[in-house]
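Below: the structure, in structure tokens.
The values are calculated or read from the model by the stated rules, or taken from the named source; none is laboratory data. None of the values given here were measured: they were computed from a predicted structure. Glycine gets a Cβ as well: all are built from the backbone with ideal geometry, and neighbour counts include every protein chain shown. Please note that ligands, DNA and RNA were not included when accessible areas were found on the heavy atoms of the full protein model with its side chains. Shrake-Rupley method; radii C 1.70, N 1.55, O 1.52, S 1.80 Å.
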Amino acid sequence: MRRLSCHLGSIFAALFLATSASAGPNDALLERVRDLGSKNGVFLAGHKVLDAFLADDDELQVGSTVLRFK
């Protein structure tokens, strides 16, 4: 089975486009959350993470963009 990955960042090539000025061009990979070297960090449920799994109702923050997973 092939896994699909989605990128989150401020560049147009990202599947999820973060439009805040504090989001980098390629900050996080969403299959589980993995910081790809962001300047400001990737936060999951208010905690800075380098690599973590998403859980129901988690909030992911990159720059000033916040996504809630249901």
(request) Count the net charge of all other residues whose Cβ sits under 14 Å from the Cβ of His47, scoring Lys and Arg as +1 and Asp and Glu as -1. (result) -3
(request) Report Asp35's accessible area, 1.4 Å probe, all protein chains in place, as a number in Å² to the nearest 10. (result) 30 Å²
(message) Please report the accessible area of Leu44 (heavy atoms, 1.4 Å probe, ligands and nucleic acids excluded) in Å², nearest 10.
(response) 10 Å²
